[in-house]
Amino acid sequence: MQIFLARTQGFCAGVARAIQTVEQALEAFGTPLYVFHEIVHNTSVVNNFKTRGVVFVDSIDPVPRGSRIIFSAHGISPGILAQARQKDLRTIDATCPLVTKVHHEAALFSARRMHVILIGHQGHEEVMGTAGYVEPGLLHIVSTTRDIDRLDIPPHTTAAFITQTTLSVDDTRAMILKLRARFPRLRGPERDDICYATQNRQDAVRELARLCVPSPDLKKTGIIVICGSPNSSNSNRLREKGEHLGVTSIIVDHAGELDLDLLKNKRRVGISSGASVPRHLVDGIVARIQGAYTYATVTAFDNPEENIVFPLPRI
Ligand code: SF4
């Protein structure tokens, strides 16, 4: 058996920055320390902070007046910031700078009185935060091409689009094409707002799929295992990508969730992980497979992202 590790996977610069922000705040101020939403969508990371006294909240209501609170990498709406100020909370903003860029676009289009079409998943923290920068009467959230058919915007209105940062590159491209056909004067970012990390991780799964796609002699037939939490948007998109390219693809939160029966009759295993997944979880999956298949070899590739770092926010 051969194990291939995706070229780009695991922590992106925005996630590394958010986690480091909580670490530094814990060191500087100790507890009580509140974090608005999960700091990143990974069960292991969140549980680790919980055991050290960090309290995660989905509303400002339970946070005592004057407390210290960190806003997660997914960003918050201006309404949440206003509530935090009303309670004199000491705030630290760990919003990824690439999400902040989308907030600026949203606010700009809204200020120009354009209808803003936000391509993203309803209810996702990042989408809720970005939506807050658009005047409610101008906001339209779409998740599928069918949603575009249902848009209630007059055809000659100037509309603009923005996107969540962790979407499927291919699906989003199709949606933007459809929007451009319907709104010829559509404004928006040059391509989309999908971040470098999401794009690179999807490209790396494409590379894994080429290695693991079923072959007639079964010598290359493999499976793709994505390490990521169920609520991680970018991890779910990686699993879908592998499946779409013809390779059986599964998602597991940690090695213990891996059903080894799925590896029977497979010669290759491609492994990747979402942008919020610590490396030790992937190492655990490799160790579990090698425990069952002692002859399995591991191949890794050069990672082009090694030097990408975002500066920490002021704490
Ligand atoms: S996935 Fe992209 S937008 Fe999200 S934290 Fe990472 S770099 Fe930032």
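The values are calculated or read from the model by the stated rules, or taken from the named source; none is laboratory data. Fair warning: this is a prediction, and the values are worked out from it, not measured in the lab. Cβ coordinates were reconstructed from backbone atoms using ideal geometry, including for glycine residues, and neighbour counts include every protein chain displayed.
Here are the numbers for the structure shown:
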{"read-out": "Criterion (at negative phi and either basic (Lys, Arg) or within 16 Å of the ligand (Cβ to nearest atom) (or both)) met by exactly one of Pro62, Pro97", "value": "Pro97"}
{"read-out": "Set His104, His115: member being touching a strand residue (DSSP E or B) at 6+ places or on another chain (Cβ under 6 Å) and at pLDDT 95 or above", "value": "His115"}
{"read-out": "Pro214 more than 30 Å from Ala159 (Cα to Cα), within 17 Å of the chain's Cα centre (by Cα) and more than 16 Å from the ligand (Cβ to nearest atom)", "value": "no"}
{"read-out": "Lone qualifier among Val277, Val247 - being more than 16 Å from the ligand (Cβ to nearest atom) and buried (at least 18 other Cβ atoms within 10 Å of the Cβ)", "value": "Val247"}
{"read-out": "Check on Phe49, away from the ligand (no atom under 16 Å from the Cβ) and in contact (Cβ under 8 Å) with a residue 40 or more places away in the chain", "value": "no"}
{"read-out": "Test: residue in region 289-297 that is touching a Phe, Trp or Tyr at 6+ places or on another chain (Cβ under 8 Å), outside any loop (DSSP other than H, G, I, E, B) and either farther than 14 Å from Cys227 by Cα or assigned by TED's automatic domain parsing to the domain that holds Leu245 (or both)", "value": "no"}
{"read-out": "Within region 1-27, tally of residues that are aliphatic (A, V, I, L, M), within 16 Å of the ligand (Cβ to nearest atom), under 30 Å from Tyr293 (Cβ atoms) and out of contact with any helix residue (DSSP H, G or I) (no Cβ under 7 Å at 6 or more places or on another chain)", "value": "0"}
{"read-out": "Residue match in region 6-21 (condition: surrounded by fewer than 20 Cβ atoms within 10 Å (Cβ to Cβ) and more than 25 Å from the chain's Cα centre (by Cα))", "value": "no"}
{"read-out": "Test: residue in region 205-222 that is part of a helix (DSSP H, G or I) and under 24 Å from Glu126 (Cα atoms)", "value": "yes"}
{"read-out": "Condition broken by Leu118, with the remaining ones in (1) more than 16 Å from the ligand (Cβ to nearest atom); (2) aliphatic (A, V, I, L, M); (3) not in a loop (DSSP other than H, G, I, E, B) satisfied", "value": "(1)"}
{"read-out": "Output for region 138-173, where each listed residue is part of a loop (DSSP other than H, G, I, E, B) and either within 16 Å of the ligand (Cβ to nearest atom) or in contact (Cβ under 8 Å) with a residue 60 or more places away in the chain (or both)", "value": "Gln164, Thr165, Thr166, Leu167, Ser168"}
{"read-out": "Residues within region 262-284 that are under 26 Å from Ala73 (Cα atoms) and touching a residue at least 60 places away in the same chain (Cβ under 8 Å), tallied", "value": "11"}
{"read-out": "Criterion violated by Ala197 - all others in (1) touching a Ser or Thr at 6+ places or on another chain (Cβ under 7 Å); (2) in a helix (DSSP H, G or I); (3) crowded, with 19+ Cβ neighbours inside 10 Å; (4) aliphatic (A, V, I, L, M) satisfied", "value": "(1)"}
{"read-out": "Number of the exception - Asn231 against (1) in contact with a Lys or Arg (Cβ under 9 Å, 6 or more places away or on another chain); (2) modelled with pLDDT under 95; (3) surrounded by 14 or more Cβ atoms within 10 Å (Cβ to Cβ)", "value": "(1)"}
{"read-out": "Hits in region 82-115 - residues which are under 23 Å from Ser233 (Cβ atoms) and in a helix (DSSP H, G or I)", "value": "Pro97, Leu98, Val99, Thr100, Lys101, Val102, His103, His104, Glu105, Ala106, Ala107, Phe109"}
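Residues checked against (1) without any contact (Cβ under 8 Å) to a residue 60 or more places away in the chain; (2) out of contact with any Ser or Thr (no Cβ under 9 Å at 6 or more places or on another chain):
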{"residue": "Val102", "(1), (2)": "no, no"}
{"residue": "Leu108", "(1), (2)": "yes, yes"}
{"residue": "Met114", "(1), (2)": "no, no"}
{"residue": "Ile119", "(1), (2)": "no, no"}
{"residue": "Glu125", "(1), (2)": "no, no"}
{"residue": "Gly132", "(1), (2)": "yes, no"}
{"residue": "Pro136", "(1), (2)": "yes, yes"}
